[in-house]
Amino acid sequence: MIKLITTILTALTTGAIYALMSTALVLVWRSTRIINFAQAGQAVLSTYVGYEITVRSGSFWVGVLAAMIFGALLGAVIDRFFMRPIFKRIKSGPILMIAPVVATLGLLGIIQSIIGFKWGLTYQSLAAPVSTDGYNLFNRVIAFSPFNLLVVVFATVSMLLLTLLFQKTNIGLALRASAHSPEIARLSGIKVDLTRTLGWALAGAAGGLAGMLYIPSSYLYPNAMDVLLVFGFVAAVIGGLESLFGAVAGAMILGFAISFSTSYISEKLFFPMAFILLIVVLLIKPAGIFSSKKSRRD
Amino acid sequence: MSLVVENLIIDHGAIRAINAVSFSVPTGKLTAVIGANGAGKTTLLRGLSGLKEIKSGKATWNGDSIVGKKAENLARAGIMHVSDGKSVIAELTVKENLALTGLWRKDKKDVAAATEEVVSLFPILGERMSQSGGSLSGGERQMLAIGRALVARPKLLLLDEPSLGLAPLIIDQIFNTIKKFVTTMNLTVVLVEQNAMGALAIADEGVVLNLGRVVAVDSAENLLKDPAVRAAYLGY
Ligand SMILES: Nc1ncnc2c1ncn2[C@@H]1O[C@H](COP(=O)(O)OP(=O)(O)OP(=O)(O)O)[C@@H](O)[C@H]1O
Ligand SMILES: [Mg+2]
């Protein structure tokens, strides 16, 4: 019984972090139609900034805020001064599919080297603002701590805020219109270049938050979030890449699959499980498990 | 004050789709641009709305050049292009589709008023407000696309084949509505059509395009009587 509860709580915690990463990837995918591999670098660099600010201010919360703001700015700058010129030069042809994605890989390398120069390749640790000792349940310490609870609450609240932004505000409508049809959005007078940059900024903030919530349970080093990028990507694909709901649901499915298979079958399934799930979903429903025919055919 | 196009050239790679095209569209009038498949009609509209780069030549709206301007800025300046293929966003509701052209407008009262006018022009849209754009029929989508443009209170409306794929009865209804709002809203309209007969019947002026070149410019009335035009585009 305790094992089952712990497994579920662990699934929720890891799922929440994956959800932030998959949301970041989906936000960029929707606005620019590329998979942003630099996301891992952006998130970890934002977390370094958050770490520095946490150390200097003595407050984890100020650090979180700094990581999110820095993440947003970095995302916006990357889109405006890096991606936009690339898209401007390549107008069509097969290179249009590959060049921007390769560019994000290059960017990932550059960001991680910058971190190496500035902070070195050593492991740093970021102290959690609340206890990371597991709660006591029926006189047994379980693998779910107050900090884990905080992670779940923070991720949930930020997802809700993001959903409100997208569904209930004018900016959200402009973001959705630009995502689904940049051309119609343009013809309607929406500044699509701006909404695109805003998408990158939101993704950057989500990545910064993901880092600040993940690193206290791990260590901070230049490649600290590479695995999260992979899991976030798998979650995003499971969810169909197009919707925020899909990104979160895909992340939760992944979190549960990993948590249950590692705790009931074998620890060794931690990494393979993500790919097993990915391949199963791609074989059965390549457009993601929530895909449906949105448009009627005539 | 009007739309003036002079020696316009637009290329698709090696293909010259618009070749030294000149014509002008008087304010408050409906001008039909007709021509066979591949004549360059869509390319012309895409050039005028800023979607497609203009290679050379002049195009001015009320004296201001529109060459090299961004589509979104031209839209905000009152040039609304309803592209072909029933351009609605399938994933957004009818209401959201209609709201797009009002997002950036300062006068929110007038946006609401314009939306109401559109709904009274196309009552079916009022009944479909919370449905997704993708669930609409072809005719309804065309109405939504035109309605969305009207919410912006455009001054120049560029319509690309609003009759495409619609039943004759619906085509009549759409053409009649276009005629109606051109006269009531003091709009200048460029109507691109394969359906030359229907378009010329409601137009004031007509421009005939063939392989990227203007082959005739005249009043719609005269074009309808012109034997060459009748033989080539009206089929009798
Ligand atoms: N994206 C493109 N790339 C290359 N060539 C194009 C492109 N779009 C149009 N063309 C070519 O430009 C010419 C004009 O095409 P356009 O679509 O403007 O014609 P149209 O008059 O709108 O035809 P239709 O009545 O079939 O819509 C055609 O020869 C077409 O093949
Ligand atoms: Mg066409």
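Considering only the range A:155-173, state which residues are without any contact (Cβ under 8 Å) to a residue 60 or more places away in the chain and either away from every other protein chain (no Cβ under 11 Å) or surrounded by fewer than 18 Cβ atoms within 10 Å (Cβ to Cβ) (or both). Walk me through it before giving the result.
So in the range A:155-173, the residues without any contact (Cβ under 8 Å) to a residue 60 or more places away in the chain come out as A:157, A:160-161, A:164-165, A:167-173.
Result: A:Val157, A:Leu160, A:Leu161, A:Leu164, A:Leu165, A:Gln167, A:Lys168, A:Thr169, A:Asn170, A:Ile171, A:Gly172.
Does any residue of the range A:104-121 turn out to be surrounded by 14 or more Cβ atoms within 10 Å (Cβ to Cβ) and within 30 Å of B:Ile89 (Cα to Cα)?
Yes, that holds for at least one residue.
Is it the case that the range A:149-169 has a residue that's more than 21 Å from the chain's Cα centre (by Cα) and within 23 Å of B:Val151 (Cβ to Cβ)?
There is at least one residue in the range A:149-169 that is more than 21 Å from the chain's Cα centre (by Cα) and within 23 Å of B:Val151 (Cβ to Cβ).
Within the range B:113-128, can one find any residue that is surrounded by fewer than 15 Cβ atoms within 10 Å (Cβ to Cβ) and closer than 30 Å to B:Glu6 by Cβ?
no
Report, by residue number, each residue of the range B:140-170 that is within 15 Å of ligand 2 (Cβ to nearest atom), away from chain A (no Cβ under 13 Å) and not hydroxyl-bearing (Ser, Thr, Tyr).
Passing the criteria: B:Glu161, B:Pro162.
Among what's in the range B:48-107 and is among the hydrophobic types (A, V, I, L, M, F, W, C) and in a strand (DSSP E or B), pick the residue that is farthest from the other protein chains (Cβ to nearest Cβ).
B:Ala59
Scan the range B:173-215 for residues that are open to solvent by 20 Å² or more (accessible area, probe 1.4 Å) and not in a helix (DSSP H, G or I) and jot them down.
Once the filter is applied, which keeps residues that are open to solvent by 20 Å² or more (accessible area, probe 1.4 Å) and not in a helix (DSSP H, G or I), the range B:173-215 yields B:Asn186, B:Gln194, B:Asn195, B:Asp204, B:Glu205, B:Asn210, B:Leu211, B:Arg213, B:Val214, B:Val215.
Check whether at least one residue in the range B:171-189 is within 16 Å of ligand 2 (Cβ to nearest atom), more than 14 Å from every other protein chain (Cβ to nearest Cβ) and touching a residue at least 40 places away in the same chain (Cβ under 8 Å), and report yes or no.
no
This table checks each residue for (1) part of a helix (DSSP H, G or I); (2) touching a helix residue (DSSP H, G or I) at 6+ places or on another chain (Cβ under 7 Å).
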{"site": "A:Leu160", "(1), (2)": "yes, no"}
{"site": "A:Gln167", "(1), (2)": "yes, no"}
{"site": "A:Ile190", "(1), (2)": "no, yes"}
{"site": "A:Ala206", "(1), (2)": "yes, yes"}
{"site": "A:Pro216", "(1), (2)": "yes, yes"}
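Name every residue in the range B:24-35 that is in contact (Cβ under 8 Å) with a residue 24 or more places away in the chain and either over 18 Å from B:Asp218 (Cβ atoms) or away from ligand 1 (no atom under 15 Å from the Cβ) (or both), in order of residue number.
Taking the range B:24-35 and keeping what is in contact (Cβ under 8 Å) with a residue 24 or more places away in the chain, we get B:25-35.
If the condition is that a residue be in contact (Cβ under 8 Å) with a residue 24 or more places away in the chain and either over 18 Å from B:Asp218 (Cβ atoms) or away from ligand 1 (no atom under 15 Å from the Cβ) (or both), then B:Val25, B:Pro26, B:Thr27, B:Gly28, B:Lys29, B:Leu30, B:Thr31 are the ones that fit.
Given (1) out of contact with any Gly (no Cβ under 6 Å at 6 or more places or on another chain); (2) surrounded by fewer than 17 Cβ atoms within 10 Å (Cβ to Cβ), identify the lone condition not met by B:Lys52.
Answer for B:Lys52: the failing condition is (2).
Based on this model, can you work out whether A:Ala201 counts as open to solvent by 10 Å² or more (accessible area, probe 1.4 Å), more than 14 Å from every other protein chain (Cβ to nearest Cβ) and part of a helix (DSSP H, G or I)? Give the steps one after another, and end with the answer.
Details: open to solvent by 10 Å² or more (accessible area, probe 1.4 Å): yes; more than 14 Å from every other protein chain (Cβ to nearest Cβ): yes; part of a helix (DSSP H, G or I): yes.
Answer is yes for this residue.
Restricting attention to the range A:281-298, which residues are at pLDDT 80 or above and more than 20 Å from A:Met252 (Cβ to Cβ)?
A:Leu283, A:Pro286
Taking into account only those residues within the range B:133-160 that are touching a helix residue (DSSP H, G or I) at 6+ places or on another chain (Cβ under 8 Å) and not in a helix (DSSP H, G or I), which is surrounded by the fewest Cβ atoms within 10 Å (Cβ to Cβ)?
B:Arg153
Considering every residue within the range A:134-153, establish whether at least one is loosely packed, with under 14 Cβ neighbours inside 10 Å and either closer than 29 Å to B:Leu92 by Cα or modelled with pLDDT of 95 or more (or both).
Yes, that holds for at least one residue.
The values are calculated or read from the model by the stated rules, or taken from the named source; none is laboratory data. Given the structure is predicted, the values throughout are model-derived calculations rather than measurements. A quick note on method: Cβ atoms are made from the backbone with ideal geometry, for glycine too, and the neighbour counts reach across all protein chains shown. Surface areas here come from the heavy atoms of the whole protein model, side chains and all, with no ligands, DNA or RNA. Shrake-Rupley method; radii C 1.70, N 1.55, O 1.52, S 1.80 Å.
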